[in-house]
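The values are calculated or read from the model by the stated rules, or taken from the named source; none is laboratory data. If you're wondering where the values come from, they're calculated on a predicted model, not measured in any experiment. We place every Cβ from the backbone using ideal geometry, glycine too, and count neighbours over all the protein chains shown. Quick note on the areas: whole protein, heavy atoms, side chains included, nothing else; ligands and nucleic acids left out. Shrake-Rupley method; radii C 1.70, N 1.55, O 1.52, S 1.80 Å.
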Amino acid sequence: MLEMSRPSSGPAKNGNSKNEDIYQEEGGQVLSSSSAMQPEIRVLATFRRDTEASKVYLAGREYFGEDGQTTELRIVSKIKHQLSADPTFRPEYPSPLGLTEFTRQATKITLGSSLKPLLESRVLEVQTPGFNAAVRLGAELLRDWVENSPWSGPVYLSVPCDGSLASIFQAAGVHDIRQYYYWDQKQCDVCLDKLVEDLERAPQRSVVVLSASGHYPTGADLSENQWDIITQIIERRRLFPFFLLPVQALCTGDLGQDSRAIQKCVELGMELICAQSLSHCFGQYGEGVGHLLFVLKDNSLLIAKKSLAKEIVKSLWAQPSVMGAHIVATILSNPAHFIEWQEEIKHIVERCMLIRHVLRERLRNLGCPGIWDHLTTQQGLFSCIGLSDSQVEFLANSKHVYLLPNGCLNVSALNGGNLEYVAESIHQATSL
């Protein structure tokens, strides 16, 4: 996760913070080591070395149930059993672009009623082995985005963001990576003014990586009105939106609502890329169910893009696995299964929101300094509660509670067995 001070629209500048994770090279590139860019790796390693029985790990990305374990949905378990018992079911290698029914259903739930590009054959759909693979394929395809000339950046990432993003773009040969302001640590919210300022200064044909919903790691998403402002800038400044949708449906409980920002851009006639994961909302972590959606400006480009995507896929992973995609496609295409799945997702979303409310009230009752309303205005699995580096270090070193920088955490990792202890630990940290 990138953790930096106020960025500019240009390349990242050398900072003087002892926790600075960005390394510079002349020419504007942002370079990094994998460990420096991903503090979650360091946090997990430290947690595993900790021998304290009461230790608590709140930096994971999966959905954790009340028992502290990842949860398989009942409907998913049912479909798995049905497929294993079906003598006619013979899993075979799909095409490099994936299982057709899966990509069709994934596109439909993302575009919602904004199906004009699909009807006009302007949509490239590719199943990928997970979310990061979708980002990588999108980055590879971007290098051929501009006609008659190779494209190599810049790419704008939010601050903070998933620490693996920069290295994924770099692996695809895109090294001009810059930042735009997103999270205001003092206000514990998105800072729209500074975000707008950075996008207004971005060169034309810059790629802006945007979280459609469930922003990692802050949990703070743009409102409908704020998206109106951002999409106007993207359209006027001729920027290219690259959407991230890692936890679709786990913010509002509604697949379409969680992808509303994408639909808004499609309705405005924009070309865009969306990298998404259906692993979280279907509990398919071991399967790595990812999807890349590329809305093109012209259907004459589709055949060439498909051909290019196949060649890239063959060099990266050949074919994606099919079982997880089969399960997702089966649920999405069957109305009865879909209703059952929706009920389970509704329970997950309600539990996460209840945890947010309980934690907020407990911190208030303990007399923790500050205002904690941001806990309940954020949504999804992740939340940035707004702690300093020293407070996060105190929690890890003295209380054996492990969070990401700025106090970012996975709210589903809180449960009846650890919430009280975590709240009291946060109270102690904020009272130092």
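Remarks
- For segment 126-145, a residue qualifies if it is surrounded by fewer than 21 Cβ atoms within 10 Å (Cβ to Cβ) and more than 14 Å from the chain's Cα centre (by Cα), and the qualifying residues are LEU141, ARG143, ASP144, TRP145.
- Members of segment 297-324 that are within 19 Å of LEU245 (Cβ to Cβ) and modelled with pLDDT of 95 or more: ALA309
- Residues in segment 90-119 that are open to solvent by less than 100 Å² (accessible area, probe 1.4 Å) and charged (D, E, K, R): GLU101, LYS108.
- Residue match in segment 173-196 (condition: small (Gly, Ala, Ser) and crowded, with 20+ Cβ neighbours inside 10 Å): no
- In the set (1) without any contact (Cβ under 8 Å) to a residue 12 or more places away in the chain; (2) more than 23 Å from PRO91 (Cα to Cα), LYS346 fails one condition alone, (1).
- Against the list (1) open to solvent by 50 Å² or more (accessible area, probe 1.4 Å); (2) at pLDDT below 90; (3) under 23 Å from GLN284 (Cα atoms), the condition GLY163 fails is (1).
- Residues being closer than 21 Å to PHE338 by Cβ and basic (Lys, Arg) - total across segment 71-124: 5
- Residue count, segment 372-403 (criterion: over 11 Å from GLY219 (Cβ atoms) and either touching a residue at least 24 places away in the same chain (Cβ under 8 Å) or part of a helix (DSSP H, G or I) (or both)): 17
- Matching entry among ILE303, ILE339, ILE327 (being in contact (Cβ under 8 Å) with a residue 12 or more places away in the chain and either assigned to a helix (DSSP H, G or I) or among the acidic types (Asp, Glu) (or both)): ILE327
- Segment 146-160, subset over 16 Å from PHE243 (Cβ atoms) and within 15 Å of the chain's Cα centre (by Cα), residue surrounded by the fewest Cβ atoms within 10 Å (Cβ to Cβ): VAL159
- PRO87 of a type outside the set (Lys, Arg), modelled with pLDDT under 90 and either open to solvent by 20 Å² or more (accessible area, probe 1.4 Å) or part of a helix (DSSP H, G or I) (or both): yes
- Subset of segment 219-239 that is under 18 Å from the mean Cα position of the chain (by Cα) and of a type outside the set (S, T, N, Q) - its residue that is surrounded by the fewest Cβ atoms within 10 Å (Cβ to Cβ): TRP227
- Selection from segment 216-244 of residues that are outside any helix (DSSP H, G or I) and either closer than 25 Å to SER152 by Cβ or of a type in the set (Asp, Glu) (or both): ASP221, ARG237, ARG238, LEU239, PHE240, PRO241, PHE242, PHE243, LEU244
- The one condition in (1) touching a Ser or Thr at 6+ places or on another chain (Cβ under 8 Å); (2) closer than 26 Å to GLN263 by Cα that ARG205 fails to fulfil: (1)
- Some residue of segment 267-286 being open to solvent by 60 Å² or more (accessible area, probe 1.4 Å) and in a helix (DSSP H, G or I): yes
- Unmet requirement for SER167, which otherwise passes all of (1) small (Gly, Ala, Ser); (2) more than 23 Å from CYS251 (Cα to Cα); (3) in contact with an Asp or Glu (Cβ under 7 Å, 6 or more places away or on another chain): (3)
- Count of segment 155-185 residues, restricted to those that are part of a loop (DSSP other than H, G, I, E, B), farther than 17 Å from TYR216 by Cβ and without any contact (Cβ under 8 Å) to a residue 60 or more places away in the chain, is 3.
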